[in-house]
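Before any comments, here is the structure.
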Amino acid sequence: MKRLALGLAAALTLSAAALATQAATLKATLIVAEDDDRLDRSRAERAYLGHPTGPAEDGVKLALEEGQFELDAAGAAVEVETEEAADLAAARSAAVAAEKAGAAVLIADLPAEWLLAVTDAVKIPVLNVSAAADPLRGANCRANLFHIMPSERMRADALAQTLLSRKWSKLLLLVGSSPIDQQRAQVVQAALKRYGLQLVANKPFKLSADPRERNLANPLLLTAGTQYDAVWVVDSDGEFARALPYRTVLPRPVVGDAGLVPVGWHAQFERFGAPQVSRRFHKATDRPMTAHDWSAWMAGKALVALASAQPKGPNTAWQQALGKTQLDGSKGVSMTFRPWDGQLRQPMLLTDGQGVISQAPIEGILHPTNVLDTLGTDAGEKLCKAPR
């Protein structure tokens, strides 16, 4: 009996090895920016809400480890290589090389311009895990570009819904001087209009080391002279925003890039299995899971789902399958990519940094087909002309 048991164990081992050899492998490449300024140590230590604090590779790796049982059951495998790019041209070259080497999917943690260059250089699907700019889902969309990171419009709509539910209808808007902040401010105003909120004043601020310009970032001067229910601050850098709460003339909440902040994920989310996800990530990386980490984790889960569903499919099938894939991101709903702009539908979390205050879509917000489409560009207002 002992010899039989040993023989059976050996046979099972050989069988497993044979299955692993025969497994259909989905090859993917993660392309990231070399020496990413966002991950500079001094900046990451500040842990601004909505900003990354570590590499995207961490989230992808965790998802593949968690999905190994599913892959084994399907007789499939996923291989992900990471490539660093020093500039736009290097990112494009890395994408072309990856496709030639057999990659079926690219994961991109890149600035918007680099992302478009990479997407235009290949025919395989590209998963965007960091760029939130709305033009990437609109005028600059691509048929093979899919977005896991929530768009700026989704963030703004989530916050506008929350303000509406609390009847904080009069908003003072403070906007940074950078071109990115100016663009984001336009998105905020579109969200305010969508949900019938009133913009009582729009004031610019500027952080400067010049003593003659110090009043341009003085919270007391910026928040004086008008009545408002809340102060919405647009500050992509994060330095001005983090010092704004509790320094306004009127005792009012601060929202936007400080105070109450809309994010795709927060480590203190306590529903739908989220605590277990955050704990596994923290154990693996020794840092809290951010929205950027969640997006990378979801990209890894998308690879597992694709490989499991079509373990023997040709590369040309991956994009079509991705558009139909349903993903579980521990947010309580099944998430899919919108056919009109490639954006992953998902609930948003509203956090003050200590915990999750609420979720959006807010209860009572209605939509004729899918309430998740109240966050971001809806089908009727799409600007994306790329065929899908």
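The values are calculated or read from the model by the stated rules, or taken from the named source; none is laboratory data. Everything numeric here is computed off the predicted structure, so don't read it as measured data. In this analysis, Cβ positions are derived from the backbone assuming ideal geometry, glycine residues included, and neighbour counts consider all displayed protein chains.
What the table below lists for this structure:
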{"item": "Checking residue 166 against (1) surrounded by 15 or more Cβ atoms within 10 Å (Cβ to Cβ); (2) more than 25 Å from the chain's Cα centre (by Cα), the condition it does not meet", "result": "(1)"}
{"item": "Index of the failed condition, residue 26 passing every other in (1) surrounded by 22 or more Cβ atoms within 10 Å (Cβ to Cβ); (2) over 22 Å from the mean Cα position of the chain (by Cα); (3) assigned to a helix (DSSP H, G or I)", "result": "(3)"}
{"item": "Residue satisfying condition, being closer than 23 Å to residue 80 by Cβ, out of contact with any Leu (no Cβ under 9 Å at 6 or more places or on another chain), among the hydroxyl-bearing types (Ser, Thr, Tyr) and surrounded by fewer than 23 Cβ atoms within 10 Å (Cβ to Cβ), within set 278, 236", "result": "278"}
{"item": "Given (1) within 22 Å of residue 323 (Cβ to Cβ); (2) surrounded by 18 or more Cβ atoms within 10 Å (Cβ to Cβ), number of the condition residue 362 does not satisfy", "result": "(1)"}
{"item": "In segment 206-225, the residues that are polar (S, T, N, Q) and either assigned by TED's automatic domain parsing to the domain that holds residue 47 or modelled with pLDDT of 95 or more (or both)", "result": "223"}
{"item": "From the options 281, 337, residue that is over 24 Å from residue 362 (Cα atoms) and of a type in the set (Phe, Trp, Tyr)", "result": "281"}
{"item": "Test: residue 143 is over 14 Å from the mean Cα position of the chain (by Cα), farther than 30 Å from residue 221 by Cα and either of a type in the set (Gly, Ala, Ser) or not assigned by TED's automatic domain parsing to the domain that holds residue 82 (or both)", "result": "yes"}
{"item": "Qualifying residue in segment 99-117 (condition: in the same structural domain as residue 141 (by TED's automatic domain parsing), free of Cβ contacts under 8 Å to residues at least 24 places away in the same chain and part of a helix (DSSP H, G or I))", "result": "yes"}
{"item": "Hits in segment 347-358 - residues which are under 14 Å from residue 274 (Cα atoms) and in a loop (DSSP other than H, G, I, E, B)", "result": "347, 355"}
{"item": "Matching entry among 156, 94 (being assigned to a helix (DSSP H, G or I), in contact (Cβ under 8 Å) with a residue 12 or more places away in the chain and either more than 20 Å from the chain's Cα centre (by Cα) or in the same structural domain as residue 201 (by TED's automatic domain parsing) (or both))", "result": "94"}
{"item": "Subset of segment 332-371 [in contact (Cβ under 8 Å) with a residue 60 or more places away in the chain and under 16 Å from the mean Cα position of the chain (by Cα)]", "result": "337, 341, 342, 343, 344, 346, 348, 349, 350, 351, 360"}
{"item": "Selection from segment 212-223 of residues that are part of a loop (DSSP other than H, G, I, E, B) and surrounded by 13 or more Cβ atoms within 10 Å (Cβ to Cβ)", "result": "223"}
{"item": "Residue in segment 118-143 that is farthest from residue 188 (Cα to Cα), counting only those that are charged (D, E, K, R) and assigned to a helix (DSSP H, G or I)", "result": "120"}
{"item": "Check on residue 216, in contact with a strand residue (DSSP E or B) (Cβ under 9 Å, 6 or more places away or on another chain), farther than 30 Å from residue 332 by Cβ and hydrophobic (A, V, I, L, M, F, W, C)", "result": "yes"}
{"item": "Residue check, residue 374 surrounded by fewer than 22 Cβ atoms within 10 Å (Cβ to Cβ), within 20 Å of the chain's Cα centre (by Cα), hydroxyl-bearing (Ser, Thr, Tyr) and not assigned by TED's automatic domain parsing to the domain that holds residue 39", "result": "yes"}
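Yes/no per residue for (1) surrounded by 20 or more Cβ atoms within 10 Å (Cβ to Cβ); (2) under 17 Å from the mean Cα position of the chain (by Cα):
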position: 48; (1), (2): yes, yes
position: 68; (1), (2): no, no
position: 76; (1), (2): yes, no
position: 83; (1), (2): no, no
position: 102; (1), (2): no, no
position: 111; (1), (2): no, yes
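This table checks each residue for (1) aromatic (Phe, Trp, Tyr); (2) in contact (Cβ under 8 Å) with a residue 12 or more places away in the chain; (3) under 25 Å from residue 39 (Cα atoms).
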residue: 226; (1), (2), (3): no, yes, no
residue: 252; (1), (2), (3): no, yes, no
residue: 265; (1), (2), (3): yes, yes, yes
residue: 277; (1), (2), (3): no, yes, yes
